[in-house]
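Engineer: What follows is a structure written as structure tokens; I'll ask about it next.
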Amino acid sequence: MTPLSADSRPRLARKARLRTDRLTGETLLLYPEHGLVLNASAAAIVRLCDGRSAGDIAAELAAPLADILDFLAALGDRGLVTT
Amino acid sequence: MSRPYVLVAELTYRCPLRCAYCSNPTEVPDRPALATADWQRVLGEAGELGVVQVHFTGGEPLLRDDLEALVARAAELELYSNLITSGMPLTRERLAGLAAVGLCALQLSFQAARPGSSAAIAGVDAFAHKRQVAAWTRELELPLTVNVVLHRQNLDEVGAIIALAEELGAERLELANTQYLGWAHRNRAALMPDRAQLDAARAVVAAARARLRGRMELLFVLPDYHADRPRTCMNGWGERYVVVTPDGRAMPCHAAHILPLAFPDLRACSLASAWNDSDAFQRYRGTDYLREPCRSCDQREVDHGGCRCQAFLLTGDATAADPVCDLSPHHDLVVAARAAAADTAPPLTLRRLRLAR
Ligand code: SF4
Ligand code: SF4
């Protein structure tokens, strides 16, 4: 994945699916052989990975852009978001 | 109380391939297969119990013509469904149908990087068809995992296997060294690699992993008999996985059928009662049952003493330390097997062909 910036437009990869856990109510991000439990802020970011820019996501969530980019990069390493 | 996250649904033991490393039982119980409605009920019970991923596997799950109905049921339940397949027999039309009813991902097995070496291991020339299946998978935009079981006969091809997976557009490549259970145990001497071969393969994998980061996930499951300490088998007995056999038995691990335990029959009880209350699931849950040297070992909570099935297969006692561990009093069995494999390479015994029930 190319380095991320405020203009990157992350989208959730085809292999990743979001759902709510039946037992705990937490948000799960499922992909082949794995599942991540997302905390509330991570879940909010992932829900906005619909093609809008990382800068817009940061504005929408009133969160520091650097945090958003770090988290998106970690997801990118796992192939979970594409830009 | 623990909950299962993954249901391994072994839909049938039938398979058109005859892989010499197959971990299916060498003798299959003569009990009728679970019906479609039973499998659909089991999927529902799994969802209620906390399962979020289901692997449809076998044998060859495509040999069941109700696979579509089961995938659809999984989708209804929001279970992430993986089809674990040899790709035989599959048409593009059927794969498109499976994607349409909600299949989430496909895991395709290859036996080696080339047609000839593949056929020697699988007993069938399936290579070209598998390539075709991979291409359809990409066309249909399904995530593709390529799975190759590694052993003495294909470890030297590992670089070519990685190149094949890249060329096929796989998002994940699983290189799993053989576990010596089922047919693989019978073929142990022919399948066991030597140390130099393994070290070379490991170096190739490490270099490729760095290069492929973010594009293809590369998993290399360490070979058991060459490690000094055992793996945490299945993340612990009855901790995260539940396996259901073609005839409807619930087990904590796909190899557990060799153990002298009464595995709960899902025709007669629910998955929840199998998981929570059955003797078979409670027997080796946690670490309380472990004896020395595990009982006083600081690795106890990490590896749970290794694989129960391997401990039983090699020592006759399922509560023993996995003999792979160099602290096990039976570790000499593993050392001897390694040495025997190093100086002989007997021919492979292919798995018995099994197309009928
Ligand atoms: S014979 Fe090969 S393809 Fe068939 S179930 Fe066994 S390992 Fe899988
Ligand atoms: S002694 Fe038992 S717990 Fe300790 S490392 Fe060996 S198998 Fe694991």
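The values are calculated or read from the model by the stated rules, or taken from the named source; none is laboratory data. Quick caveat: nothing in here was measured; it's all calculated off a predicted structure. So basically every Cβ, Gly included, is an ideal-geometry build from the backbone, and we count neighbours across all protein chains shown.
Engineer: Kindly evaluate B:A280 against the criterion of being buried (at least 16 other Cβ atoms within 10 Å of the Cβ), touching a residue at least 24 places away in the same chain (Cβ under 8 Å) and not in a loop (DSSP other than H, G, I, E, B).
Structural biologist: Values: buried (at least 16 other Cβ atoms within 10 Å of the Cβ): yes; touching a residue at least 24 places away in the same chain (Cβ under 8 Å): yes; not in a loop (DSSP other than H, G, I, E, B): yes.
Judged against the criteria, B:A280 is a match.
Engineer: Restricting to the stretch A:37-77, name every residue that is over 11 Å from the mean Cα position of the chain (by Cα) and closer than 20 Å to B:Q53 by Cβ.
Structural biologist: The one that is over 11 Å from the mean Cα position of the chain (by Cα) and closer than 20 Å to B:Q53 by Cβ: A:V37.
Quick grid of which residues meet (1) under 14 Å from B:S81 (Cα atoms); (2) among the acidic types (D, E); (3) within 14 Å of chain A (Cβ to nearest Cβ):
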| residue | (1), (2), (3) |
| --- | --- |
| B:P16 | no, no, no |
| B:E27 | no, yes, no |
| B:L34 | no, no, no |
| B:Q40 | yes, no, no |
| B:L43 | yes, no, yes |
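Residues are listed down the side, and each one gets a yes or a no for (1) more than 15 Å from B:A69 (Cα to Cα); (2) surrounded by fewer than 18 Cβ atoms within 10 Å (Cβ to Cβ); (3) more than 14 Å from ligand 1 (Cβ to nearest atom):
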site	(1), (2), (3)
B:M1	yes, yes, yes
B:P25	yes, yes, no
B:D38	no, yes, yes
B:R41	no, yes, yes
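Engineer: Looking at B:A46, B:A20, B:A74 in this structure, which one is surrounded by 23 or more Cβ atoms within 10 Å (Cβ to Cβ), under 24 Å from B:H151 (Cα atoms) and more than 16 Å from ligand 2 (Cβ to nearest atom)?
Structural biologist: Working: B:A46 fails: under 24 Å from B:H151 (Cα atoms); B:A74 fails: under 24 Å from B:H151 (Cα atoms).
Matching residue, one of B:A46, B:A20, B:A74: B:A20.
Engineer: Also, quick follow-up: Considering only residues that are on the phi < 0 side of the Ramachandran plot, surrounded by fewer than 16 Cβ atoms within 10 Å (Cβ to Cβ) and modelled with pLDDT under 90, which ones fall in the stretch B:233-265?
Structural biologist: None - no residue of the stretch B:233-265 is on the phi < 0 side of the Ramachandran plot, surrounded by fewer than 16 Cβ atoms within 10 Å (Cβ to Cβ) and modelled with pLDDT under 90, so the list stays empty.
Engineer: Of everything in the stretch B:3-17, what is more than 16 Å from B:L70 (Cβ to Cβ) and either assigned to a strand (DSSP E or B) or within 16 Å of ligand 2 (Cβ to nearest atom) (or both)? Give them in sequence order.
Structural biologist: Answer for the stretch B:3-17, where residues must be more than 16 Å from B:L70 (Cβ to Cβ) and either assigned to a strand (DSSP E or B) or within 16 Å of ligand 2 (Cβ to nearest atom) (or both): just B:C15.
Engineer: Residue by residue through the stretch B:75-105, note down the ones that are assigned to a loop (DSSP other than H, G, I, E, B) and under 15 Å from A:Y31 (Cβ atoms).
Structural biologist: Initial filter on the stretch B:75-105 (assigned to a loop (DSSP other than H, G, I, E, B)): B:77-79, B:86-91, B:101-104.
Scanning the stretch B:75-105 gives B:E78, B:L79, B:L103, B:C104.
Engineer: Would you point out which residue out of B:A341, B:A272, B:A320 is more than 16 Å from ligand 1 (Cβ to nearest atom), in contact with a helix residue (DSSP H, G or I) (Cβ under 6 Å, 6 or more places away or on another chain) and outside any helix (DSSP H, G or I)? It would help to see each step written out before you state the result.
Structural biologist: Details: B:A341 fails: outside any helix (DSSP H, G or I); B:A272 fails: outside any helix (DSSP H, G or I).
After ruling out the rest, the residue left standing is B:A320.
Engineer: Exactly one of (1) away from every other protein chain (no Cβ under 14 Å); (2) surrounded by fewer than 18 Cβ atoms within 10 Å (Cβ to Cβ); (3) in contact with a strand residue (DSSP E or B) (Cβ under 9 Å, 6 or more places away or on another chain) is unmet by A:G55. Its number?
Structural biologist: (3) is the only condition that A:G55 fails.
Engineer: Also, I was wondering about something else. Working only within the stretch B:296-321, note down all residues that are small (G, A, S), buried (at least 21 other Cβ atoms within 10 Å of the Cβ) and within 11 Å of ligand 2 (Cβ to nearest atom).
Structural biologist: Within the stretch B:296-321, the subset small (G, A, S) is B:296, B:305-306, B:311, B:316, B:318, B:320-321.
From the residues that got through so far, the ones that are buried (at least 21 other Cβ atoms within 10 Å of the Cβ) too are B:305-306, B:311, B:318, B:320-321.
B:G305, B:G306, B:A311, B:A320, B:A321, listed by residue number.
Engineer: Which residue, of A:R17, A:R47, A:R22, is touching a strand residue (DSSP E or B) at 6+ places or on another chain (Cβ under 9 Å) and within 14 Å of chain B (Cβ to nearest Cβ)?
Structural biologist: Working: A:R47 fails: within 14 Å of chain B (Cβ to nearest Cβ); A:R22 fails: touching a strand residue (DSSP E or B) at 6+ places or on another chain (Cβ under 9 Å).
Every option except A:R17 fails the conditions.
Engineer: Let me ask something additional. Among the candidates B:L173, B:L181, single out the residue that is within 14 Å of another protein chain (Cβ to nearest Cβ) and either exposed (fewer than 15 other Cβ atoms within 10 Å of the Cβ) or outside any helix (DSSP H, G or I) (or both). Full working, then the answer.
Structural biologist: Details: B:L181 fails: within 14 Å of another protein chain (Cβ to nearest Cβ).
The unique qualifying residue is B:L173.
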